[in-house]
Amino acid sequence: MPELDKETTKEAVREALKEWLNEKYAEFGRWSLHGLMALALAGLVYLALQRYGINK
């Protein structure tokens, strides 16, 4: 079995991960991911307001 150089192996793994992530992203759905990111942002804003909030 011929040995592959490190760069070729690295590129093959990178390409495989990219394909796998694209497939999972498509499965999960763009809107679902963006909805979760918006929810996380809202949570961070809420926590920041609780800590440094207007009511203090």
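The values are calculated or read from the model by the stated rules, or taken from the named source; none is laboratory data. Because the structure is predicted, anything quoted here is derived from the model rather than measured. Quick reminder, even Gly has a Cβ in these numbers, built from the backbone with ideal geometry, and neighbours come from all protein chains shown. Keep in mind that these areas ignore ligands, DNA and RNA; they rest on the heavy atoms of the full protein, side chains included. Shrake-Rupley method; radii C 1.70, N 1.55, O 1.52, S 1.80 Å.
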Are there any pairs, at least 6 apart or on different chains, whose C-beta atoms fall under 9 Å, with the first in the stretch 1-30 and open to solvent by less than 100 Å² (accessible area, probe 1.4 Å) and the second of a type outside the set (Val, Ile, Thr) and at pLDDT below 85, and if so, which? Ala12/Leu4
When you check Lys6 against the structure, is it among the basic types (Lys, Arg) and at pLDDT below 95, yes or no? yes
